[in-house]
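What follows is one structure encoded as structure tokens, with my remarks underneath.
The values are calculated or read from the model by the stated rules, or taken from the named source; none is laboratory data. Every value quoted in this text rests on a predicted model; they were computed, and no experiment measured them. Because the Cβ atoms are built from the backbone with ideal geometry, glycine has one as well, and the counts that use them run over all protein chains shown.
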Amino acid sequence: MSKPDFARMKFYCDENLCIDCNGCVVACKEAHEVPVGVNRRKVVTVNEGVVGKEISLSMACMHCADAPCQQVCPTDCFYIRADGIVLHDKDVCIGCGYCLYACPFGAPQFPQDGAFGTKGKMDKCTMCAGGPEETNSHEEFHKYGQNRISEGKVPMCASMCSTKALLVGDADEVALIKTYRAATKGKGIATEPMGW
Amino acid sequence: METNSSFYSKNKAYILTLGGLGVVGFIFVQYMMIFDWAYLLGFTLDMLTGGGVDGIITPSTSTYELMVNTAFGQNYEAIAPEIIRASNERQEFIWWVFVAEIAIFCIMYTIYGRKTATITNPNDQVQVFSLFHRGVIWLNVLIIIALIITGFNITWALRSGGGELPYLLRGTHEITGLIWLPFWLLLSIIAFKDAKILSNNSVLKKIILPGKYKPMKRIIYIVFVMMGAGLLTSGIIIWFLHPDAFTHGQFIQFKRLLLYTHFGASVLIMFFLMDFVYSVLVSVKGNLKGLITGKYPREHLEQLAPDILYDIENGKGK
């Protein structure tokens with residue numbers, strides 16, 4: 001078996017650049033037609049209102065290498081692609097919520113669309129890589145949203161990030177960008193973003 | 001010495017039950033659980049004393065820690081890994097608890113056999129259960145059977161590999177649980193209706209059933225009421241407390257705690273309900289018919305349930 005020439009697909013959000021505009025959240029919801037009440041992506045703000053200490057982070061499924069959701073799922077509905085993207089099969093999911101209990105990031109989301117508000121099947125960020133259905137089929141879009149990865153496109157959230165705080169791609173490449181940003185911090189265009 | 005002996009003989013059922021549960025609980029906590037008990041107790045105490053449900057019981061000492069606490073809740077390592085273990089191991093293991101209990105009943109049945117009353121005057125009947133009481137009992141039975149079957153939805157899913165049937169069972173469990181609420185409440189009121197809480201100043205008598213019930217029956221009633229309350233409270237909060245992407249950090253640790261409450265209470269209530277079914281229906285002949293008609297031959301009660309007959313004749317029964 002040959003050594004792969006890539007690491008794993010990862011998100012990275014630069015807390016120095018994120019301005020809490022929630023553009024990524026809106027882009028994700030719009031692109032995948034995510035129902036009301038379900039947010040595959042969120043922006044978390046810490047020290048809100050404290051000048052100089054406020055930071056924001058855009059978060060979704062972290063596509064963990066050792067994903068707790070996959071470990072706890074009683075139906076084994078999760079699968080991890082060769083490039084590290086963690087996906088799940090909604091036809092197998094029973095909506096038990098174990099993945100929500102196990103996930104440290106709160107990524108799994110459950111629509112309350114059953115009778116009397118009972119939970120539906122789990123929904124989460126797919127890194128715009130769809131699901132087990134036929135690629136770019138109507139079924140895949142209906143259940144998981146767009147499959148932009150199959151078209152060689154960047155996930156919608158990162159492509160819409162106005163300050164380029166949210167990066168996605170091969171972890172080696174993302175690390176290189178982060179290293180470059182750290183080395184050139186405060187120089188040229190790599191200055192602190194203006195906050196509103 | 002005589003006083004001690006008398007105390008033991010009077011409270012044998014309570015002492016043995018507490019002792020047995022203590023031994024099982026100790027083994028469970030000491031050897032089969034991996035989460036941080038100090039944190040769990042601290043979290044519970046903090047919550048009960050008005051500290052909030054976010055699980056953050058020590059203030060953040062760094063920006064990083066504050067960020068982690070805000071986004072994810074505190075101390076993920078304290079409870080969450082236990083959930084991981086619970087899902088894959090306990091679901092397979094839990095069956096054996098009930099297999100062991102059934103084995104104990106089989107041994108008891110072999111040793112003690114089945115009690116049967118000698119009835120010489122079958123027409124001398126005593127009304128024990130009213131139509132309303134019977135309705136509550138049988139609806140409870142039906143709903144609890146449905147809750148047990150649907151409550152094992154995750155275990156079914158482990159075997160079936162997921163799919164629509166366990167998904168349907170899971171949703172049904174939630175709704176059936178809500179339907180059970182009024183019936184549990186009614187049966188709890190029936191169990192405690194003779195408590196005379198307002199007219200009796202003894203604190204013990206406020207929580208222990210009066211009358212001549214056998215201690216084991218009191219224990220089963222108390223477990224039914226307490227664990228039922230735990231199951232319904234935790235179940236309904238788990239269902240309706242729905243942390244979204246933005247409130248996840250504030251509620252998820254509380255939900256994890258409630259999941260344990262729900263699992264623990266369900267095991268205890270099932271254990272004692274099976275005990276009840278064995279002691280009332282399997283080890284004694286003739287009780288099932290009375291649960292349908294509401295009446296029992298007086299001789300049956302005199303020989304097998306003098307406590308019930310005493311209460312009825314003294315106006316404390318039904």
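Quick look at the values:
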| item | result |
| --- | --- |
| Those residues of region B:273-289 which are in contact (Cβ under 8 Å) with a residue 40 or more places away in the chain and over 25 Å from the mean Cα position of the chain (by Cα), in sequence order | B:LYS285, B:GLY286 |
| Selection within region A:56-77 - surrounded by fewer than 20 Cβ atoms within 10 Å (Cβ to Cβ) and over 13 Å from the mean Cα position of the chain (by Cα) | A:ALA65, A:ASP66, A:GLN70, A:GLN71, A:ASP76 |
| Residues being within 23 Å of the chain's Cα centre (by Cα), surrounded by 10 or more Cβ atoms within 10 Å (Cβ to Cβ) and polar (S, T, N, Q) - total across region B:1-48 | 3 |
| Helices (runs of 4 or more DSSP H) contained entirely in region B:220-307, each with at least 2 residues that are crowded, with 20+ Cβ neighbours inside 10 Å, in contact with a Phe, Trp or Tyr (Cβ under 7 Å, 6 or more places away or on another chain) and within 14 Å of chain A (Cβ to nearest Cβ) | B:248-277 |
| Test: A:HIS88 is more than 7 Å from chain B (Cβ to nearest Cβ), modelled with pLDDT of 90 or more and at negative phi | yes |
| Looking only at region A:106-115, and only at residues there that are in contact with a helix residue (DSSP H, G or I) (Cβ under 6 Å, 6 or more places away or on another chain) and either among the polar types (S, T, N, Q) or within 8 Å of chain B (Cβ to nearest Cβ) (or both), the one that is nearest to A:CYS77 (Cα to Cα) | A:GLY106 |
| A:TYR180 modelled with pLDDT of 90 or more, among the aromatic types (Phe, Trp, Tyr) and over 30 Å from B:THR176 (Cβ atoms) | no |
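Residue by residue, here is whether (1) more than 9 Å from chain B (Cβ to nearest Cβ); (2) touching a residue at least 60 places away in the same chain (Cβ under 8 Å); (3) part of a strand (DSSP E or B) holds:
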{"site": "A:PHE11", "(1), (2), (3)": "yes, yes, yes"}
{"site": "A:CYS21", "(1), (2), (3)": "yes, yes, no"}
{"site": "A:GLY37", "(1), (2), (3)": "no, yes, no"}
{"site": "A:ARG40", "(1), (2), (3)": "no, yes, no"}
{"site": "A:VAL44", "(1), (2), (3)": "no, no, yes"}
{"site": "A:LYS53", "(1), (2), (3)": "no, no, no"}
{"site": "A:SER56", "(1), (2), (3)": "yes, no, yes"}
{"site": "A:CYS64", "(1), (2), (3)": "yes, no, no"}
{"site": "A:GLN70", "(1), (2), (3)": "yes, no, no"}
